[in-house]
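The values are calculated or read from the model by the stated rules, or taken from the named source; none is laboratory data. Predicted model only: the values in this text are computed from it and were never measured. All Cβ positions, even for glycine, are placed from backbone atoms using ideal geometry, and neighbour counts span all protein chains on display. To get the accessible areas, we keep the full protein, side chains included, count just its heavy atoms, and leave off ligands, DNA and RNA. Shrake-Rupley method; radii C 1.70, N 1.55, O 1.52, S 1.80 Å.
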2 protein chains.
Amino acid sequence: MSTPSPHPPSQPAMGEFDLIDRFFTSRFAHLAKEVPLGIGDDCALLSGDGAHDLAVSSDTMVEGTHFFADVDPFKLGHKCLAVNLSDLAACGARPKAFTLALTLPSLDEAWLEAFSSGLLALAQQHGCALIGGDTTRGPLNIGITIFGEVPKGQALKRAGAQVGDDLYVSGTLGDARWALLGLQGRVKMDPETLKATRQRLEMPEPRVALGMALRGVAHAAMDLSDGLVGDLRHLLKASQKGARIDVQRMLKSELLSNALRARAPQDALEMVLKGGDDYELLFSAPQAQRAHIELLAKRLALPLTAIGEVTENEGLELRGAQDIGGTGDPSRDLDLNLNQWVSYDHFL
Amino acid sequence: MSTPSPHPPSQPAMGEFDLIDRFFTSRFAHLAKEVPLGIGDDCALLSGDGAHDLAVSSDTMVEGTHFFADVDPFKLGHKCLAVNLSDLAACGARPKAFTLALTLPSLDEAWLEAFSSGLLALAQQHGCALIGGDTTRGPLNIGITIFGEVPKGQALKRAGAQVGDDLYVSGTLGDARWALLGLQGRVKMDPETLKATRQRLEMPEPRVALGMALRGVAHAAMDLSDGLVGDLRHLLKASQKGARIDVQRMLKSELLSNALRARAPQDALEMVLKGGDDYELLFSAPQAQRAHIELLAKRLALPLTAIGEVTENEGLELRGAQDIGGTGDPSRDLDLNLNQWVSYDHFL
């Protein structure tokens, strides 16, 4: 998925998604039908003739758009692979390999040493091999295409949420965006809070083990990169369902880190709902799986918080938002123009 | 493969390949051994559990490095996919799908319309589906990762050339570089010649059908993107063999287009040997396949020119170069610093 902009140079107007759809999606769609492809969401699925499908995802990170020019290259190496691994996690795929397309303005040995170390450490952790790539001169641009394996027909998709399903989110939300506001000097925070939340911004941990464990358990899943409300809408749209989110419950849950729990509820809620760059998983699962999911959370030592339920009505209700000054209608309570830049990563 | 620079902003020194090798190849190599991957050359091979391997290649094109800022976007769309299809051709793979990572400085509808049309026309021709991608704001950068299918164990590789094999090249060589010299005003040529050679520079035709037909016929193959001598050296190195090229025979063969045939032999030879951006296939095949290859050339309406033979001795001899003022020793006759920018596309 595209990552939200920590440092967007300028924000193009909405409607660009339609442009991309017009030029690429719709025009290439007939071609996709002619070849034996299963198409996923966070990943595309390439069907082979074996027992597994290959989940494929591409993500590009650009200086000035996705990261600051002076970012620690070790952390950048980590994050570039992490956001791709997160897409595999969203599909329940086991990481297998990746290619790296590196456009560099110059050859800086110290930078390459640190960048490759960050990349390698995470690749090693997930047994994901670098199998090729391309290095070119130009403005810094890092493109990764990642491949994962998933048993045929078992890939998690955005479509599939059913009425009455519980909606879950892994880990904590909003910390990455909170750190960004701190780094930008837009919010004052103590050094310890900045350090803790900055870790979430710069070194996200893709939920690969969770994704694989959710095969056959979750009805629908995706990773959270653009903020909960915006991403949830994608899942609901793909599933043709609605959802009711319990805001008060969410604010008291493990979904809030200590850093955000210490803030005013309005701030915390805004970060949780709109944050972005979270790289947690959002999934829906039938109520019959509650005990299983509780055990899974313990086994993975990862909070899996029920935030609400899937409804028939295609709207999204934020129940309890009134209590902190909202109306419960996200289109009124929130500025939902979150997708600052076009992403059609998963358009098929 | 990386494409040679039609407009290289500056040329880094050699030795950079070693840097990349040091930071990525060698450090990631042990990881590749842990996963079930067959590794090719122009493509990496992902082995599934079915009857086919998946050939994968990534290529990035950057404004100012690979193309002029004012390039016709229709042609650019064509070429970006063509260079990737050429990598599949080199492996004998059938094109299946691709992802597109597009970094754009702005959203220019006319540009997108033309770019996507060029891309789509070629994709359609080869039944290759766009299955995903990522669009980001930043300096123009076009990254494609392409997937092709090849029956297990039948992928063509650079390694495998055997002593006594004939060496063949498809189509004509040197036209793309000749056009570039014309466009840069470094060589004067009539408009008709410029038009004909420019077509080869801007709209290369990947030799996909040839690559597939060479499965089980060629002992080794690769595509020509960096110039015949430089690329041939890669093939010979991978095969641990040498070669003897018959320069005089080559200059009289179909390998020369009319445009180059009209020039002094030195000019023609330089373009043929060092040209780059050719996207023809270079392959070695046993003499027993001569009749078959002749028929293949007729069937595909594509010249397949024997340019020499594979030798035991690991050197590369240019026989007959003396007659046009050379020594026959390519390291003396030619400036071989052709790989102006690092490519480790196929390093495993």
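Quick rundown of the values:
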| quantity | calculated |
| --- | --- |
| Alpha-carbon centroid distance for the pair the range A:194-268 / the range B:87-164, whole angstrom | 34 Å |
| Accessible surface, 1.4 Å probe, highest first, among residues A:LEU232, A:LEU251 | A:LEU251, A:LEU232 |
| 5 angstrom amide H check on A:GLY160, placed H, neighbours 5+ away | A:SER239 |
| Shielding of A:44-53 by partner chains, average beta-carbon count, 10 Å | 5 |
| Approximate shape of the range B:41-151 as ellipsoid semi-axes (Cα gyration tensor, √5λ), whole Å, largest first | 26, 13, 12 |
| Residue mean of other protein chain beta carbons inside 10 Å, B:65-71 | 1 |
| Set of lysines with alpha-carbon distance to B:LYS195 below 25 Å, sequence-local pairs under 8 removed | B:LYS75, B:LYS79, B:LYS252, B:LYS274 |
| At 7 Å out from Cα toward Cβ: B:PRO151 inter-copy label distances (nm, ascending) | 3.1 |
| Normalised alpha carbon radius of gyration of the range B:131-230 [divisor 2.2 N^0.38 Å] | 1.41 |
| Spin-label pair A:ALA51/A:ARG22, simplified geometry with 7 Å Cα→Cβ offset, distance in nm | 4.8 nm |
| Diffusion constant of the range B:166-334 at 20 °C, which comes from Stokes-Einstein with the Kirkwood Cα-pair radius and 1.002 mPa s, µm²/s | 133 µm²/s |
| Solvent-accessible area of A:ARG244 with every protein chain in place, 1.4 Å probe, in Å² to the nearest 10 | 70 Å² |
| Neighbour-limited loop hits for GluC sites (Glu not before Pro), the range A:197-276 (at most 16 other Cβ within 10 Å; DSSP other than H, G, I, E, B) | A:GLU254 |
| Across the identical copies, how the A:GLN199 labels are spaced - nm, sorted shortest first, 7 Å along Cα→Cβ | 6.3 |
| For A:138-151, mean number of other protein chain Cβ atoms within 10 Å | 6 |
| For A:GLY164, label point 7 Å along C-beta direction: distances to other copies, nm | 7.5 |
| Alpha-carbon Debye profile of the range B:236-327, log10 I(q)/I(0) at 0.11, 0.21 Å⁻¹ | -0.35, -1.24 |
| Positive minus negative residues near B:LEU119 (Lys, Arg vs Asp, Glu; Cβ under 10 Å) | +2 |
